[in-house]
1. Taking a 21 Å limit on the Cα-Cα distance, which of the listed pairs Lys154/Lys174; Lys249/Lys299; Lys226/Lys299; Lys190/Lys217 fall beyond it?
2. Please state, as a whole number in µm²/s, the translational diffusion coefficient that the Stokes-Einstein equation yields for the range 211-264 at 37 °C and 0.692 mPa s, with Rh defined as the Kirkwood radius across alpha carbon pairs.
3. For the range 121-228, what does the alpha-carbon gyration tensor say about shape, rounded, prolate or oblate, given a ≥ b ≥ c as the root eigenvalues, a/c under 1.5 as rounded, and a/b over b/c as prolate?
4. If one computes P(r) from the Cα atoms of the chain, what percent of pairs lie at distances over 34 Å?
5. Can you give the extra length, in nm with one decimal, that the chain gains between Glu60 and Asp275 once fully stretched, where that is 0.36 nm per residue apart less the Cα-Cα distance?
6. Binned at 5 Å from 0, what are the whole-percent values of the Cα-Cα distance distribution for the range 57-192, short to long?
7. Name all residues of the range 210-228 having a backbone nitrogen under 18 Å from the label point set 7 Å from the Cα of Asp164 along its Cα→Cβ direction, giving them as ranges.
Amino acid sequence: MTDYNSMDDADFRKMVRDFVEAECPAELRHVSRRMHRHEVWPWTQKLVAKKWIAPGWPAEHGGMGLSVAKLLAFQEEFDRLGVSRAPDMGVVMLGPLLIKFGSETQRARFLPKILTAEEVWCQGYSEPNSGSDLASLRCEAVREGDHFIVNGQKTWTTLAQDADWIFLLVRTDKEAKKQQGISFLLVDLKTPGITRRPIRTLSGEEEFCECFFDNVKVPAENIVGKLNEGWTMAKALLGFERIFLGSPKQAQTALSRLEVVARATGAMQEEAFRDRYAQFNLDVSHLASLYSRFADELKRGGVLGPDVSVLKAFAAGLYQRITETTIEAASEIGVKQGPSPFGNESVDPMGMFHLARPATIYGGSTEVQKNILASAVLGLPGA
Ligand SMILES: Cc1cc2nc3c(=O)[nH]c(=O)nc-3n(C[C@H](O)[C@H](O)[C@H](O)COP(=O)(O)OP(=O)(O)OC[C@H]3O[C@@H](n4cnc5c(N)ncnc54)[C@H](O)[C@@H]3O)c2cc1C
């Protein structure tokens, strides 16, 4: 078993790059939409065979056992090369949760099939009236003998139509304070009573689903951790997501595409455009150095404070502004759906624009991040 953590950083990055260059097909790189399971299946199988499917999991559970520093490097190389995400909710969210809070039986049952990608998971947290205020969720699970009966609805469930299982936050105690009556439940999507209805996004893609649960019978042993402690567990594992979502990669990629477009259409010849382009370059550099500051803290074994919210808010806003400018720089081609040739390259300005829109919503909206900064960092009075 390779000890990746003792490798020199440059050698490690090169190894990752070489593998991706050799094995990840061009059509899965820099794609401006979320790809479906069948589209990324051969590439997923390459990762499975290489035992690289779960870079952040400990080696004893079948992962690469990467340290925080190496995990960030691994992710940065994948991002730089524009690798499309394989279905990864099981790897990124559920696996670490089971490793930390699951029973031995649950780990033995579920982890191996995540590692082979045989079982794909989706995340059932949000509901029609519970997004930012997630703790108000109402989808309920009532104990009946050795089962729970689940009733309610989830929404914005990314790629639920491709998944085999869903992990749910469900209300198991209606009387308790709202965060305290929530449990974490694993549900087989083949169980009778579940309906998945795909939602078509602005870009015309079916990227997520509404999921309906009508008297769905779930074995009681599918609860993870203790009853009514689902909220604490789910929150405990959000730490790493907060820095991933603030990575400069999306803005950097968008900026490189903007440059291709502006050179091809001649926008780069205009002084006013060049000013904006220079400002974007500065903003992206600022974002990258801000990101390094938080990443270094993690690498030193530190814990991120509420100030990390500035990273996600800045990254998402900048990403959106660059994609808006790409549409302008592309002129009339900018409003066309799908990739177009710009010089020797192919760019999809409208696809980029659509992909950037939800960045200010998922993973905690920009308004919510600003609230956190106002109250927990600046000490301003709450609304
Ligand atoms: C691309 C994408 C993928 C997603 N995938 C998943 C998934 O797989 N599983 C899942 O469970 N969920 C998923 N979500 C849902 C996501 O978590 C929610 O959209 C998010 O939490 C926001 O909730 P909401 O949509 O209900 O908006 P709301 O919370 O209703 O917010 C609406 C607006 O009000 C603002 N707002 C809300 N509260 C405040 C406040 N206190 N102060 C100021 N402004 C406020 C928000 O910023 C926003 O502008 C996904 C979302 C997107 C966009």
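1. Details: Lys154/Lys174 18 Å; Lys249/Lys299 19 Å; Lys226/Lys299 31 Å; Lys190/Lys217 11 Å.
Exceeds cut-off: Lys226/Lys299.
2. Numbers: Rh = 15.7 Å.
It diffuses with D of about 209 µm²/s by this estimate.
3. Values: a/c = 2.23, a/b = 1.42, b/c = 1.57.
Judged from the Cα gyration tensor, the range 121-228 comes out oblate (a/c at least 1.5, b/c at or above a/b).
4. Beyond 34 Å sits 31 percent of the P(r) for the chain.
5. Values: separation 215, 0.36 × 215 = 77.40 nm, distance 5.21 nm.
Taking Glu60 through Asp275 to full extension adds about 72.2 nm, to one decimal.
6. Result returned by the calculation: 2, 9, 16, 19, 19, 16, 11, 6, 2, 1, 0.
7. Taking a point 7 Å out along Cα→Cβ of Asp164, the residues of the range 210-228 whose backbone N falls under 18 Å are 219, 222.
None of the figures in this text is laboratory data; all of them are computed from the coordinates on show. All values reported here derive from a predicted model rather than from experimental measurement. Cβ atoms come from the backbone with ideal geometry, glycine included; neighbour counts cover every protein chain shown.
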